[in-house]
Structure formats: C-alpha cells, structure tokens
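Working notes, structure below.
The values are calculated or read from the model by the stated rules, or taken from the named source; none is laboratory data. Just so it is clear, the model here is predicted, and its values are computed rather than measured. So basically every Cβ, Gly included, is an ideal-geometry build from the backbone, and we count neighbours across all protein chains shown. All accessible areas refer to the heavy atoms of the entire protein, side chains included, with ligands and DNA or RNA removed. Shrake-Rupley method; radii C 1.70, N 1.55, O 1.52, S 1.80 Å.
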Amino acid sequence: MDIELGRVRKTFIAEARELLHEMETSLLYIERSPEDSDAINTLFRSIHTIKGSSGIVEVVSVEKFSHVAESLLSKIRDKEIKINDRIIELLLSCRDHIANLVDLAEAEITDIPADMLKRGETLTNALNSYLSGGGGGAGGGGGGGSAAREVIPSPRRREGSGEGEGQETGKLSSSDAWHISVRFGRDVLKSGMEPMSFINYLKRLGEIISLTALFEGMPGIKEMDPEGCYLGVEIDLRSDHDKKTLEDVFEFVRDDSVIHILPPHSRVDSYIDLIKRLHEDSTLLGEILVRGGALSEGELAEALKRQGAEAVGRGAEAPDANRLGEILVDSGMVQHEIVDAALEKQKEVLKVKSKEASTLRVDAGKLDSLVTMVGELVIATANLNSHVARLRDEGLLESSSILQRLVEDVRDSSMKLRMVPIGETFSRFNRVVRDISRDLGKEIELEISGAETELDKTVIEKINDPLMHLVRNCADHGIERPQARLEAGKSPVGTIRLNAFHDAGSIVIEITDDGRGLNRVKIRDKAIKTGLISAGETLSDAEILVLIFEPGLSTAEEVTKVSGRGVGMDVVKRNIESLRGSVSVESAEGAGTTVTIRLPLTLAIIDGFMVGVNESVYIIPLEMVVECIDLPPDEKREGNRKAYINLRGAALPYVYIREFFSEGGDAPAIESIVIVQYGGQKVGLVVDRLYGEVQTVIKSLGRIYKDVKGISGATIMGDGTVALILDVQRLVKYAEEEEAAVL
C-alpha cells in the first residue's frame, strides 16, 4: 500500500469508528422519537461521510455497501419512506456490518470471508427491497439468493438544480459532459488529503475526457510553502451520476477549496459566470473549456464578448450584519427581536467554528510516547534534585526548584491529554441493553449519570470488557420479565443505572439494577456443592455475596446466550484487580444489586508520599493520605499491640508495615502513623520515618512479584534506588480482617 494512502486510511478508520458510534446512537434515539428530523439528518450525515471517505481512501467494500444504506436513508430523510422498527433493526445490522468491514480494512485484509459476503448480500437485498417499494425482507433479510445489486441515484434530475441550470437567458452549450472546476485549498495536504485520490475516485464514476492542471497561483520559491497545495484542475467527465454524487466526492475538502460543477449542456451564461468567479486569465480558462469540449470556439468568443460588456461590480465589501439589521428594521420588514436573535445565532455559529478549528487529532501511540518521556523526565529531575541538595548551592537550588515546578506542569498537562470522559463508554451499552431486552422479551431502560467523569484512556480501554459483562448480567439475569415484575409490585420496565464519580484519588463506577437481587441461600448451596465452603461453615451476608466472584459459581436458573451471574465474574474481578482496582457487591433480594468498581485515575504517573521502614523506602499514593500522627506510646509495648487504636473517639484499624513486610532492624523511638482512606474506610499505616511528597512514575514489578500482597508497583528514586508503591486497597482489606479477628 502507498505510504501516503496508508496514513490517510488510518485517519479514515479512526473517524469511521466515531461515525459508526454516532450512527448507532442516532438509531437508538430515532427508535424512541421516529419523527425527529434532526436525528434523521445526523444519521444520514454519518453514513454519507463514511461512504465518501471510504471511496477516497479506496476501501471499496465499505463504499459500495454504505452507498446502498445511504440511498435508503436519503429516501427516509426526504419522507419518501417512513421509518419503522423493522428499518431501524435493518440499519443497526448494516451498521454492524460496516464496522466489521472497517475492521478488515484496518487489518489490511482484502479477501472478505464468505460468511461476511453472504451477510452483506442479505442486507443489501433487504435495503434494495425497501428502495424498490417491497418493504424489506423478514428480519431485515430480504429475498436471499440473488446477487447484491448496487442502487444508483437517478442521474437525470437536472431541472433547475445546479449552477446555471434553469436559467432563462443564453443558449445551451454543446458539451455532453459534466465540467468540474476545482481549486484545492492551501492546507489540503496538511490535512492528510491527496488531490490525486479525488481524481481517481471520479474515474470510477465515469469517463474523464479532459483534465488540465493549473498552477497559476503558485508563488516564487522564497514565498512558497513546501507543505502548501497550489493545484487547480479543470475536468470534463462523462457520467450518469447526478450532481450531488459528484459534489460528495469533494466532501472533505469542500470548506477549504473552490469547487464548481456544471452539468452537461449547461447554458453559456453558466460558463461566463464560472470564468468571472475564477482568478486565472479569462483567455486561458476559455482555451481550456474549448479544448475539453465544454464550449465551441464560437461559444467562447460570444462568452468573452458578453463578459467584457457586462458591468460587474468588483471589489465591493460585504455589508455588515448589524447594518443590514438596521435597514430591515427601519423598513418595517422585521422586528428588533428577530434581528437580535439572528445576530446571536451568527455568534454561536462562529463560536462552534472556532472550537472546531482548535481541535487537533493526535495518534494514541504518540501520546503514550509523550507520557513515557515525561515519566523519564520526572526521574531525571529527581536525580538532579538529589545532587543539588547535596551541593547546597543557592543558585542551583533556585534553578532546580524552577525546573521541578515546570516538570510538574508538563506532567500534569500531558496526563490531562490522556484523560477522557467515561460517557462514551457508557453510551455504548445502550445498544447492548436494547438487544438483550428484545431477545428476552423484557422492557429495560438504561440510565447514565456521571458521564463527564474523566479517566485515563488506557484504564477506559481495559475496563470496557468487565463493564460489558456486568451490564449483560444485569439485563439478562438481574431484571425480571414484565409479568414477574408486575406480580412483585414493580413497574414492568426495569432499570439499569451506570454512575461514575471521583473519590479520594480514585474513580468509582456503580452498576445497579432494580431486579430480583441475589439469592444468598442459592449462592451458599452452590458454594457447598462445588466445594468452595463446608456445610457447617458460618458466613456473613457480605462473605456469601463475595462468593459470586469464585470461578464457576452461578445461580442462573435458565441458560441464555448471555452468561449467568457468577459465570465469568472471577474474570471480571481478576481484570479489575490487574488495574490496581477493586470490585464489591451489595444486594437486597427482590430489590436489586449494585456492583461497585473502584479504579485508579491513571496507570502512569502519580503524586506520592514517601515513607521509610528500616532501610526500605515505600510510596503511598498522595490522594489517599488523610493525615499523619505519632504512634501512641502504649502501643509500642511488645505484646500489648491491638489491631486498632482510638483516634478521637473512633476505632482506627492499622497495619504495622515492619511486621507486614518482615522488615528487620529495631524500631525508632518515635514511630508515625500515616492515615489513608480507601472506599470510605480509614486505616493507619505504621512507619519509621516520613520523607514527604514526591513525583512517582509507576513501573510494573514483573511476573515474579505480581502476587506479592501489599505492593502494587515500584518507582525509581532520584538516587537510582527502587521504592515500592504500597497497595492501599489490599492493606485496608488486611486491616479490616485483623480488626474483625480481634473484636
């Protein structure tokens, strides 16, 4: 593949996935509000853009299929076909098929698998059935068996629909070809567009009988921008496609370029107007039009003669919008309120355009590389600071302080680049809930809150599968069928809620359903049957619920294509804990279940609080540190230590870090307790020394140390030594268990 085409195709794939998500969101909204024309227009623009861009980057499979889907949406938008549930189901299937084709394009697979070809043929036949007035096939299948045929919009709709069309003066030109005049914008190449790809696409829509390249606007060598585009083309194309199809070819350069398209047999006045609009020499343009067959020599002579005779106002400035408003009001044509509203609307449009112009798409790999380099910069700065502190030079100390502050700013800015709202991930589950509820005959609503909560993109990517599993379980085995809900005194419509919020340096995600809840008796019986617990073992309600995260434990009474609650929950827990997170469950039988996931905001760089025990150095995530106090003297007497201390009238469980990690040496005269908080629970960590705040780059420990309890990672200090990062989640859990054993 051509390197330039490959780069543009990569951009297409990223944008196509965003558009497919937008398409799915629009379809789910239209399903509830089928008369919403704005949603239908948004849906049409999504598929239209996918079709146009796939043609430019030569992903033919996507282009051909999406073209047929676009034809149906065009008729829906024009109210020629009324949208209904069957069409929405069909379009959702089409959306999924396009997504699969995009995946093949990303993997550079040109041979489409047979099952996918068959699926595409079935969907195409169903689309064509609606387009031909047949009403589609059962289940969106259409009348299978025949080859897929591509529906081409009618090419003969030319009456009064284009530049120069339907004019009352001037005779018709002799040309039977479309004339396309393009002056590409200066930034076309910088935007990743290749002018030749547009011309190649035109070749697939017809026969190019004449093409002339123009470089009239090219500056001298000193003024030339090597990345700028100075190309213009005049093209004559024989094609049966309509004007809109030809305009769509230039969809992605339309805003920055000057494009004029004249239909076959346009009036001479249209060519006069074209020559006037373009900046090149009129005689040169005329020669091009004659050479391409758009005009005869006689028609050109007549056009130039009439052009010279016309009084064309040149150089006049566009009137100011406010002044136009005053004129309209003074004339009595409109009221002040209408003018004010129009001006406000104009300001909003300008704001949107300004916002769009300030957005830049960055490759995720480049962003990850930036964060990695910032992490190394943090380590190097810490090393520099340690040397400066030893030298005690005032000038160096000041410079080092400034450098450290700047590095912290760079670190914070780079980390913010990786933070993305979790709302898009949440919204993807609308389709999941819809499909499951339809398959199982249930009525389920998905409520989302906290969509604006931001999380590191790498965490979001890895949490998607566990969330998918939990949402499926809620819809499949949590929510009852309508009749069962009515018998239980509930609304027939079940609800699944997704909520996200920040808490103590972590992000908390709650997945809640108002279904039947977890049956503790069944969970206990199944755990005994599988050998997880003994028949005589006594467990609290919380301990019984935790059993659902054990491998193979399921209480599902019926088998569906979605996993039962319990099957795979061990995988969910393992995946979440691999992200240094935790998962817990609460349930009230008959009222519903809530699964709570707690995750770190980032997996890369954090602010830490450094402490020492014996010769070892440990790092505690700073967001979890509440306060530091001295260990009470009576707790230091050997044999008198309890699992908790009295902190201002409340019991505070604590962990003696020296004993937990089997550190040697003698404890100092004064020991400190660092009070941390995780999941609403406070715990004290007893240490020898407090060093203070540090910037910490998180490094993984590797397979050998992955099961070490109480440690979540490591970091390299300024002097080159390694400090271990404490796993506060595990330590809190350990302290709670120790306190329960003592009490």
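Looking at ASP187, ASP240, ASP225, can you tell me which residue is without any contact (Cβ under 8 Å) to a residue 40 or more places away in the chain, open to solvent by 30 Å² or more (accessible area, probe 1.4 Å) and part of a loop (DSSP other than H, G, I, E, B)? Lay out the reasoning, then the answer.
On the way: ASP187 fails: without any contact (Cβ under 8 Å) to a residue 40 or more places away in the chain; ASP240 fails: without any contact (Cβ under 8 Å) to a residue 40 or more places away in the chain.
ASP225 is the lone residue from the list that is without any contact (Cβ under 8 Å) to a residue 40 or more places away in the chain, open to solvent by 30 Å² or more (accessible area, probe 1.4 Å) and part of a loop (DSSP other than H, G, I, E, B).
Screening THR593 against (1) modelled with pLDDT of 90 or more; (2) open to solvent by 40 Å² or more (accessible area, probe 1.4 Å) leaves a single unmet condition, (2). Scan (1) open to solvent by less than 40 Å² (accessible area, probe 1.4 Å); (2) more than 20 Å from the chain's Cα centre (by Cα); (3) touching a residue at least 24 places away in the same chain (Cβ under 8 Å); (4) closer than 20 Å to GLY120 by Cβ for the single condition ILE40 breaks and write down its number. Checking ILE40 against (1) open to solvent by less than 40 Å² (accessible area, probe 1.4 Å); (2) more than 20 Å from the chain's Cα centre (by Cα); (3) touching a residue at least 24 places away in the same chain (Cβ under 8 Å); (4) closer than 20 Å to GLY120 by Cβ, the one that fails is (4). Within the stretch 718-738, the presence of a residue that is more than 18 Å from ILE605 (Cα to Cα), under 36 Å from the mean Cα position of the chain (by Cα) and at pLDDT below 80 is excluded.
Note on the stretch 599-623: residues that are open to solvent by 30 Å² or more (accessible area, probe 1.4 Å) and under 32 Å from the mean Cα position of the chain (by Cα) amount to 5.
Every residue, every condition in (1) surrounded by 17 or more Cβ atoms within 10 Å (Cβ to Cβ); (2) touching a residue at least 40 places away in the same chain (Cβ under 8 Å); (3) part of a helix (DSSP H, G or I), yes or no:
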position: ALA389; (1), (2), (3): no, no, yes
position: SER401; (1), (2), (3): no, no, yes
position: ASP412; (1), (2), (3): no, no, yes
position: LEU417; (1), (2), (3): no, yes, yes
position: ARG431; (1), (2), (3): yes, yes, yes
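Screening ILE47 with (1) surrounded by fewer than 20 Cβ atoms within 10 Å (Cβ to Cβ); (2) within 30 Å of GLY6 (Cα to Cα); (3) out of contact with any Lys or Arg (no Cβ under 8 Å at 6 or more places or on another chain) gives one miss only, at (1).
As a summary of the residue check, HIS48 satisfies the conditions (1) in contact (Cβ under 8 Å) with a residue 12 or more places away in the chain; (2) assigned to a loop (DSSP other than H, G, I, E, B) except for the one numbered (2). For the stretch 675-699, a residue qualifies if it is of a type outside the set (Val, Ile, Thr), at pLDDT 85 or above and surrounded by 22 or more Cβ atoms within 10 Å (Cβ to Cβ), and the qualifying residues are GLY684, LEU685. Here LYS709 passes the criteria (1) over 36 Å from the mean Cα position of the chain (by Cα); (2) surrounded by fewer than 18 Cβ atoms within 10 Å (Cβ to Cβ) except the one numbered (1).
Give the number of residues within the stretch 183-212 that are of a type in the set (Gly, Ala, Ser) and within 32 Å of the chain's Cα centre (by Cα). Steps first, answer last, please.
Of the residues in the stretch 183-212, the ones of a type in the set (Gly, Ala, Ser) are 185, 191-192, 197, 206, 210.
Filter again for within 32 Å of the chain's Cα centre (by Cα), leaving 185, 191-192, 197.
The qualifying residues number 4.
Has the stretch 447-457 got at least one residue that is closer than 24 Å to GLU89 by Cβ and among the small types (Gly, Ala, Ser)? Checking the stretch 447-457: not a single residue is closer than 24 Å to GLU89 by Cβ and among the small types (Gly, Ala, Ser).
Candidates in the stretch 228-252 are the residues that are touching a strand residue (DSSP E or B) at 6+ places or on another chain (Cβ under 8 Å) and among the β-branched types (Val, Ile, Thr); of these, the one that is nearest to PHE215 (Cα to Cα) is VAL233.
Conditions (1) under 25 Å from SER400 (Cβ atoms); (2) in a loop (DSSP other than H, G, I, E, B), marked per residue:
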| site | (1), (2) |
| --- | --- |
| ALA669 | no, yes |
| VAL674 | no, no |
| GLN677 | no, no |
| LEU690 | yes, no |
| GLU693 | yes, no |
| THR696 | yes, no |
| LEU701 | no, yes |
| VAL708 | no, yes |
| ALA723 | yes, no |
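The set of residues from the stretch 474-500 being closer than 11 Å to SER437 by Cβ and either open to solvent by 30 Å² or more (accessible area, probe 1.4 Å) or assigned to a strand (DSSP E or B) (or both) comprises ARG481, VAL493, GLY494, ILE496.
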